[in-house]
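*Asks:* Just passing along the structure, written as structure tokens.
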């Protein structure tokens, strides 16, 4: 059951990351007016860097049960709980709790910790 929770957290993390990337491109940056254009490009790249990082975190959560190393599992869980926990808090703060992202990120944290 622990392994299934950890792997489910990884799948959810990847789904959240993909939604984050798609919504950023289709909803946020379509309306955003950022000058100069070079700065706009930089902000888009940073936004998508977090998408790629969350996907990588999800892959690590999925792979953790097969690593055969308790220390690796321990540090993956601790690191991912911190990463997604901070992301959930930042999302809730920035959107004043009106966006579903913080709830999804919190679910990733809960499943990750439960799978420890």
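*Asks:* Of all the residues that make up region 86-106, how many are in contact with a helix residue (DSSP H, G or I) (Cβ under 6 Å, 6 or more places away or on another chain) and under 16 Å from residue 14 (Cα atoms)?
*Replies:* 7
*Asks:* Taking the criterion of being under 14 Å from residue 6 (Cα atoms) and out of contact with any helix residue (DSSP H, G or I) (no Cβ under 6 Å at 6 or more places or on another chain), would at least one residue in region 77-85 satisfy it?
*Replies:* yes
*Asks:* Related question: Listed residues 79, 95; which is modelled with pLDDT of 95 or more and either surrounded by fewer than 17 Cβ atoms within 10 Å (Cβ to Cβ) or on the phi > 0 side of the Ramachandran plot (or both)?
*Replies:* Sole residue among the options that is modelled with pLDDT of 95 or more and either surrounded by fewer than 17 Cβ atoms within 10 Å (Cβ to Cβ) or on the phi > 0 side of the Ramachandran plot (or both): 79.
*Asks:* OK, next. Can you name every residue in region 57-76 that is touching a helix residue (DSSP H, G or I) at 6+ places or on another chain (Cβ under 9 Å), farther than 13 Å from residue 16 by Cβ and part of a helix (DSSP H, G or I)?
*Replies:* 59, 60, 62, 63, 64, 65, 66, 72, 73, 76
*Asks:* Which residue, of 40, 33, 44, is in contact with a helix residue (DSSP H, G or I) (Cβ under 9 Å, 6 or more places away or on another chain), outside any helix (DSSP H, G or I) and farther than 30 Å from residue 3 by Cβ?
*Replies:* Criteria check complete, one pass: 33.
*Asks:* When you look at residue 10, is it under 14 Å from the mean Cα position of the chain (by Cα), over 23 Å from residue 116 (Cα atoms), at pLDDT 90 or above and surrounded by 12 or more Cβ atoms within 10 Å (Cβ to Cβ), yes or no?
*Replies:* When the stated conditions are applied, residue 10 does not pass them.
*Asks:* Is it the case that residue 52 is under 14 Å from the mean Cα position of the chain (by Cα) and more than 19 Å from residue 100 (Cα to Cα)?
*Replies:* On the way: under 14 Å from the mean Cα position of the chain (by Cα): yes; more than 19 Å from residue 100 (Cα to Cα): yes.
Considered against the rule, which asks whether it is under 14 Å from the mean Cα position of the chain (by Cα) and more than 19 Å from residue 100 (Cα to Cα), residue 52 comes out as yes.
The values are calculated or read from the model by the stated rules, or taken from the named source; none is laboratory data. Everything numeric in this text was worked out from a predicted model, so none of it was measured. Neighbour counts run over all protein chains shown; Cβ positions are idealised from the backbone, glycine included.
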